[in-house]
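Data block below; observations after.
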Amino acid sequence: MGSGSESVTEGHRSRALVTGGAGFIGSHLCERLLDDGWIVTAIDNLSTGRGRNIAALAENERFTFHQADINRDPLPAERVDAIFHLACPASPIAYSRLPIETLEVSSVGTRRCLDLALGEEALFLLASTSEVYGNPEVHPQAETYPGNVDPVGPRSMYDEGKRFAEALATWFGRVHDLDVRIVRIFNTYGPRLSLQDGRAVPSFIRQALLGEPVTVHGDGVQSRSFCYISDLVEGLVRMSVVERGRINDLPVNLGNPVERSVLEIARTIVSLTDSASTIRHVERPRGDPDRRRPDITRARELLGWEPTVDLEQGLRMTIEWARSTIHDEPRQAPVERPSRSSRGDYGRGRSG
């Protein structure tokens, strides 16, 4: 699929702030925006993001990184035309270790970024999640489905946090006439996804490459729909440049509608890695959704977007990256409680 978005040199926004910019999706988005001609400022407290994800961007004079907590620290003072709000722990391991911080970044952090967008008259794009649908009773999940979420369940810090962020952004936009866009991101994978974060694809790849048993939760018949990172970023970019009147305050699903069972994913990864790993079934965690598949009709109609990287192709690229980095991975997930103060800047670029 060719790019459906125009570069900023053709008249679109030129200065972007990406929160969570050192994370998996955030770092790929920063890279894409720079390639499209944007001036990019990234902010991240590095509680789950990694400096190495953006190390290659440090020499770009149009890129600046601030290590800071958007819940408490001053936000960058540079002029901004668009805010991509991606900051939030996104894996079960991460948000289970940081439950209060996860709720805070979806509430306090979102409000602070909305205030900045309002002051700058900037577009505000919220990265929400398919987890707002909970354990869905409707399949596939369209944006009109309100969800089936347990507000005090083991995932509530994440899914209810994102539901609140959506409500806050929506009403902020309506009350203040702010240009707000919301995307609901379904399972995304690719290079830079932590192999220790507990999600299916990175866990299966790590275990297979190390020759360990590949652990499948339950019988593995629960389904997921996996979208490769470049397709997801393309959708984010298209969402940021589409005419405001076409969005009309509506969230948009971004994900791959091809549904696979978790057991099928595990077997495919074992095959693609030529691994001798066996499949081991383990207890399924409480709150694990039975099915997950996006209805992307709205994305097709509004953005002209749909994924083009098929699962095996994407897995091969991810496995190739993982082979080169697996021995650099920490043995535990890189999740630490964030500092309450900024730790300075990374990279030499300036965006002001």
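Taken together, the values in this text are just the output of simple stated rules run on the coordinates, not laboratory data. This one's a predicted model, so the numbers in the text were calculated from it and none came from an experiment. Methodologically, a virtual Cβ is constructed for each residue, glycine included, from the backbone with ideal geometry; neighbour enumeration extends over all protein chains shown.
Using the charge dipole of the chain (Lys, Arg: +1 at Cβ; Asp, Glu: -1 at Cβ; taken about the Cα centre), state which of L303, T215, A117 has its Cα farthest towards the positive end.
T215
Can you put T318, T19 in order of Cβ neighbours within 10 angstrom, beginning with the fewest?
Working: T318 24, T19 27.
In increasing order of surrounding Cβ atoms, one gets T318, T19.
Please identify every one of the chymotrypsin sites (Phe, Trp or Tyr not before Pro) in region 79-186 that sits in a loop by DSSP and has no more than 16 other beta carbons within 10 Å of its own beta carbon. List each step's numbers first, then the result.
Values: sites: F84, Y95, F124, Y133, Y158, F164, W171, F172, F186; in loops: F186.
Answer by residue number: there is no such site.
Which percent of Cα pairs goes in each bin when the distances of the chain are cut into 10 angstrom slices starting at zero?
The percentages, shortest bin first, are 5, 26, 37, 25, 7, 0.
Dividing the alpha-carbon Rg of region 135-182 by 2.2 N^0.38 Å yields what?
Details: Rg = 12.7 Å, N = 48, 2.2 N^0.38 = 9.6 Å.
Cα-based Rg divided by the globular estimate yields 1.33.
Select from T188, V18, L168 the residue farthest towards the positive end of the dipole of region 14-335; place +1 on Cβ of Lys and Arg, -1 on Cβ of Asp and Glu, and compute about the Cα centre.
Of the options given, the answer is T188.
Normalising by the residue count of the chain, find the relative contact order in percent from Cα pairs under 8 Å and 6+ residues apart. Spell out each step's value before the answer.
Values: 730 pairs, mean separation 84.8, N = 352.
Normalised by residue count, the contact order of the chain is 24 percent.
Quick check: Cα centre of region 42-107 to Cα centre of region 239-304, how many Å?
First find each Cα centre; the distance between them is then 24 Å.
Count the net charge of all other residues whose Cβ sits under 11 Å from the Cβ of H176, scoring Lys and Arg as +1 and Asp and Glu as -1. Intermediate values should be presented prior to the final figure.
Numbers: positive: R174; negative: D115, E121, D177, D179.
Summing Lys/Arg as +1 and Asp/Glu as -1 gives -3.
Counting only DSSP beta bridges with both residues in the chain, what percent are antiparallel, rounded to the nearest 5?
Working: 5 of 40 bridges.
Taking every DSSP beta bridge within the chain, about 10 percent pair in antiparallel fashion.
Given the rule -39500 (n - 2.57) for each run of at least 4 DSSP H residues, summed and divided by the residues of the chain, what is its mean residue ellipticity at 222 nm, to the nearest 500 deg cm²/dmol? Present the calculation step by step, with values, prior to reporting the outcome.
On the way: 10 runs with 121 residues, N = 352.
For the chain, the value works out to -10500 deg cm²/dmol.
Can you tell me the length gained on complete extension of the stretch I326 to R79, counting 0.36 nm per residue apart and subtracting the Cα distance? Kindly include the intermediate steps, with their values, before the conclusion.
Details: separation 247, 0.36 × 247 = 88.92 nm, distance 3.88 nm.
Taking I326 through R79 to full extension adds about 85.0 nm, to one decimal.
What number results when the radius of gyration of region 175-217, computed over Cα atoms, is divided by 2.2 N^0.38 Å?
Details: Rg = 16.9 Å, N = 43, 2.2 N^0.38 = 9.2 Å.
Cα Rg divided by the expected 2.2 N^0.38 Å: 1.84.
How much net charge surrounds P307 when only other residues with a Cβ under 9 Å from its Cβ are counted (Lys, Arg +1; Asp, Glu -1)? Walk me through the numbers on the way to the answer.
On the way: positive: none; negative: D231, E234, E306, D310.
Net charge around P307: -4.
Dipole of the chain, Cα-centred, from +1 at each Lys and Arg C-beta and -1 at each Asp and Glu C-beta, to the nearest 20 debye?
Numbers: 42 positive and 49 negative charges, 122 e Å.
Here the chain has a charge dipole of around 580 debye.
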